[in-house]
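Reading through the structure tokens given below for one structure.
Where a number appears in this text, it was derived from the coordinates with a stated rule and is not lab data. Note that the coordinates shown come from a computational prediction; the quantities given were computed from them, not determined experimentally. Backbone-built Cβ (ideal geometry, glycine too); neighbour counts: all protein chains shown.
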Amino acid sequence: MKISDIRIDYALKSLDTKDVEKDPLIQFQNWFEEAVKAKVLEVNAMNLATIQKNGSPNSRIVLLKGIEDGLVFYTNYNSTKGEELENNPNVAVTFFWAELERQVRFLGKVEKVSEEESDAYFFSRPFSSQIGAWVSPQSKVISDREVLTDKENALQNQFTPETITRPSHWGGYRIIIHEAEFWQGRPSRLHDRILYQLDKNGNWSISRKAP
């Protein structure tokens, strides 16, 4: 089969401006809960696009960990993404839930969550994941995997679940959104696209875009 011959005709649901919430985060919460109930695989996986210093885009999959006044995720602040976010806080995020024939896109800017929020999430993680946050010099070149396993073994001897602390280079970001688009697949490629845009007064406008 040729790649150009691969196609699926979407027909599960429809979407209209009169059907959506006035706040895109509430609309997203509703869709997210539907996706959880539908047992969508890796439901909280999102493509996060950042901007490199040369102006080129860079993207990867990260995991959403909260919908509180924005979209919250956690990472190593010294990673490539962390360095790019420090240089340019503008981001684009995409969710794709094939099982529901839905896509959601967000544009926004990141800010670091509070130390208290980062601590709360860090200490909710399994001990092995807490150790992992200490072990990995994320995005840096290493000679082999033993660099990681040796450090992991050393830290497992150094820390216990009661004594481990959150490394200062690890924590959360909140994406404060100013644009959102909800996409529902429809037959004949005439998909539904509902756009939210935030105006200078902090109000959301809602409109339909052509597919």
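For the reader, a short list of remarks on this structure follows.
- Local net charge near residue 165, Cβ-Cβ under 15 Å (Lys/Arg +1, Asp/Glu -1): -2
- In the chain, helices alone account for a calculated mean residue ellipticity at 222 nm of -7500 deg cm²/dmol, with every DSSP H run of four or more residues adding -39,500 (n - 2.57).
- Cα pair count fraction exceeding 16 Å, expressed as % - the range 1-77: 69 percent
- Nearest 10 degrees, 0 to 90: helix 24-37 Cα axis against the chain principal axis: 80 degrees
- Longest to shortest principal axis, alpha-carbon extents of the chain, angstrom: 58, 52, 40
- The charge dipole of the chain, taken about the Cα centre with unit charges on the Cβ atoms of Lys, Arg (+1) and Asp, Glu (-1), comes to about 740 debye, rounded to the nearest 20.
- Relative contact order (percent, whole number), the range 63-126, Cα cutoff 8 Å, 6+ residue spacing: 20 percent
- Proximal lysines to residue 200, defined as alpha-carbon separation beneath 27 angstrom and excluding residues fewer than eight positions away on the same chain: 18, 22, 109, 112, 209
- Kirkwood estimate for the range 125-165, i.e. one over the average of 1/r between Cα atoms, Å: 10.7 Å
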